[in-house]
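Shown next, in structure tokens, is the structure this report addresses.
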Amino acid sequence: MKHCRACDVDVATPAVLCPLCGTPLAGLADADCAAVYPPAGSRKEYNFVKRLLLLLSVVGAAVCIVVNLLVMPSFWWWTIVVTALVYAWAVVPHAMRRGGNAAGKVLMQVVAGSALAVLVDFETGYRGWGVSFVVPAFICAGIVAVVVLVMCNRTNWAGYVLYQAVLAVFGLAMPMLYFTGLAHSLVGAVVPSILAVATLAGMAVFGDRTIKNEFRRRLHF
């Protein structure tokens, strides 16, 4: 049985690369390995639950729209509900999916959560709290989360480097938003940038040729 250290899954295949993330597999192929795919019955039950939840989401959104227009037509709070539902269907399944790169999931949550906060800010009358406070908080949480992942999985830490670099770029962008007037919190601009600089410095100090190879593999150059 071969094993993917990045996804932490066993793979019954003669291939040399993980079919989920492309990481080289460790171990030897075993002809007697158990099937890695779930039974057909469990897949049908999953699809039924997924369709039921989708139906409930659509019905719930429609009810919110009707109630909002009848009771409080001056404030369209139904847009917040619909935005939250779209966020849930777009991001939550990706986060709960087995396999894949954990740091990639963290980056996805940071981007989607930040976008959700900015949209809700616009829908409630833009005051800038989304860009000034929520976005920096998501960036800081994402940087710290990837650092924790690196510490917990030191054997495959290079697989997280690219995602950490992207989060660091986001952190360095916060002072620019502050000086251009798009963000209003100095703390929200300084803290993510400090974490970003510390992260890049750590990559420069502890990195080696593995980091360069990872960037080449991910960016195809």
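Observations
- Inclusion of Val81 among residues that are open to solvent by 50 Å² or more (accessible area, probe 1.4 Å), at pLDDT 75 or above and either in contact with a Gly (Cβ under 9 Å, 6 or more places away or on another chain) or under 30 Å from Leu116 (Cβ atoms) (or both) is not warranted.
- Residue that is nearest to Val120 (Cα to Cα), among those in the stretch 44-76 that are open to solvent by 60 Å² or more (accessible area, probe 1.4 Å) and in contact (Cβ under 8 Å) with a residue 12 or more places away in the chain: Trp76
- Filter result for Leu28 (at pLDDT below 75 and open to solvent by 70 Å² or more (accessible area, probe 1.4 Å)): yes
- For the stretch 10-22, a residue qualifies if it is modelled with pLDDT of 75 or more and open to solvent by less than 40 Å² (accessible area, probe 1.4 Å), and exactly one does: Cys18.
- When each of Ala158, Ala189 is tested for being under 22 Å from the mean Cα position of the chain (by Cα), open to solvent by less than 60 Å² (accessible area, probe 1.4 Å) and modelled with pLDDT of 90 or more, the lone residue that passes is Ala189.
The values are calculated or read from the model by the stated rules, or taken from the named source; none is laboratory data. Predicted, not measured: the structure shown is a model, and the values here were computed from it. Note that each Cβ is placed from the backbone with ideal geometry, even for glycine, and that neighbours are counted across all protein chains shown. For accessibility, only protein heavy atoms count, side chains too; no ligands or nucleic acids. Shrake-Rupley method; radii C 1.70, N 1.55, O 1.52, S 1.80 Å.
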